[in-house]
1. Just checking, does the stretch A:39-61 include any residue being part of a helix (DSSP H, G or I) and among the charged types (D, E, K, R)?
2. A:V141 versus (1) at pLDDT 60 or above; (2) under 14 Å from A:G187 (Cα atoms); (3) not charged (D, E, K, R): which is the lone unmet condition?
3. Go through the stretch B:47-93 and report how many residues are in a helix (DSSP H, G or I) and among the β-branched types (V, I, T).
4. Assuming A:D127 fulfils every condition listed in (1) crowded, with 20+ Cβ neighbours inside 10 Å; (2) farther than 20 Å from A:S60 by Cβ; (3) at pLDDT 70 or above apart from one, which condition is it?
5. Please give the number of the condition B:T64 fails out of (1) over 17 Å from B:Y31 (Cα atoms); (2) of a type in the set (S, T, N, Q); (3) more than 10 Å from chain A (Cβ to nearest Cβ).
6. Of the residues that sit in the stretch B:27-48 and are hydrophobic (A, V, I, L, M, F, W, C) and touching a residue at least 24 places away in the same chain (Cβ under 8 Å), which one is nearest to B:G77 (Cα to Cα)?
7. Output the number of the condition that A:H186 fails; it satisfies all remaining conditions of (1) modelled with pLDDT of 95 or more; (2) within 12 Å of another protein chain (Cβ to nearest Cβ).
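The values are calculated or read from the model by the stated rules, or taken from the named source; none is laboratory data. Quantities reported herein were computed from a predicted structural model and do not represent experimental measurements. Cβ: placed from backbone, ideal geometry, glycine included. Neighbour counts: every protein chain shown.
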Amino acid sequence: MLKVIYRVILGSVVLSLAGCVTPPPKKDYTALRSMQPKSILVLPPLNQSIEENASYSYLSTVTKPLAEMGYYVYPVAVVDAFLKENGLPTPGEMHQISLDKIDQIIGPDAVLYLTVLNYGSKYQVLDSSTNVSARARLVDVKTGNELWSRTVTTVQSSSSGGGGIAEMLVAAAISQVINSSMDAGHGVSRTNNFRLFTESGQGLIYGHRNEKFGTDLN
Amino acid sequence: MKHKIYIVIGLAVAAIFSGCNQTTAYYWGEYEEQVYRMYAAPDQATAVAQLEVLELDLQKAAATDKPLAPGFRAHMGFLYYQLGRFDEARNAFETEKAEFPESGKMMDRFIQKLGRSNA
């Protein structure tokens, strides 16, 4: 039930934010289009936020939007464990592996480097807002060329807008409960990744496993 | 009244953003949730607990016409491997490779490693 209420509020906020931004010019997809990577290795993100678990919370919401766009995405937790087992305990060290080495041991067409720039909630008297921001950079494993990059920020406020003071107090109480764990940031991470990869003209073009592959090549 | 309209529109948008199952090409089940829990609640998300959830997902997926998400089988293979259930691990890695040949190099590496673990 709490989840439903949260989604309603969240959905309204996303909607109200969506209308008022002028879209930036469409990205140049020349490099991505000519290479057409089929498989993407997602490394655990670097973390520049103050939430120490942000990296892995963010990582756990990357696969779905990326795979649904039509790319093969290597199992993120398995990759993490495999690299740790091989002497690379942190995302920082994993981001230092040479592309030659990645090609040799895992063999993806492209590598996705992520940095979590911001991940956290800000509390006010009657509401709170959660901000998640990340930078993504997709690189051709054979040449090291950048294929695509983008930074996306999502801010979700849990204030309900209209309604009387009693309603607002209830809303504040609910959001305190939800936001008391990492979960608020996790939900916003999911939205942020969905936007990052799938927004038309800014996100990725469809990969070979999507039935719309090739329809967005203009 | 205005409030009600917001709720309806909000629900519609939330449905789109949460990627509910009707709109996905793959069956995802609890895969990403398990990945999250491995890091957020490692004491609870043991290999045994994760497999219990994911094996149930396999049954649910079989009842739909959707293929399992990329990485799903490989993730299970890794959990079986952790528990020393090498035959099931090998089977999971081979299935991942068959469904997604892109994963071949990595799956072959894991399968090879299992061969050594067995010996």
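1. Filtering the stretch A:39-61 for residues part of a helix (DSSP H, G or I) gives A:54-59.
Narrowing further to those that are among the charged types (D, E, K, R): none.
The answer is no; no qualifying residue exists.
2. Condition (2) is where A:V141 drops out.
3. Of the stretch B:47-93, the ones in a helix (DSSP H, G or I) are B:47-62, B:72-82, B:86-93.
Retained after the next criterion (residues that are among the β-branched types (V, I, T)): B:48, B:53.
The qualifying residues number 2.
4. (1)
5. Going through the list (1) over 17 Å from B:Y31 (Cα atoms); (2) of a type in the set (S, T, N, Q); (3) more than 10 Å from chain A (Cβ to nearest Cβ), B:T64 breaks only (1).
6. First, the residues of the stretch B:27-48 that are hydrophobic (A, V, I, L, M, F, W, C): B:28, B:35, B:38, B:40-41, B:45, B:47-48.
In the following step, the residues that additionally are touching a residue at least 24 places away in the same chain (Cβ under 8 Å) were identified as B:28, B:35, B:47-48.
On the way: B:W28: 16, B:V35: 14, B:A47: 10, B:V48: 12 Å.
Once the filter is applied, the top-ranked residue is B:A47.
7. For A:H186, the exception is condition (1).
Residue-by-condition table, conditions (1) at the interface with chain B (Cβ under 8 Å from one of its Cβ atoms); (2) touching a Cys at 6+ places or on another chain (Cβ under 8 Å); (3) modelled with pLDDT of 95 or more:
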residue	(1), (2), (3)
A:P23	no, no, no
A:M69	no, no, yes
A:P75	yes, no, yes
A:L88	no, no, yes
A:H95	no, no, yes
A:G107	yes, no, yes
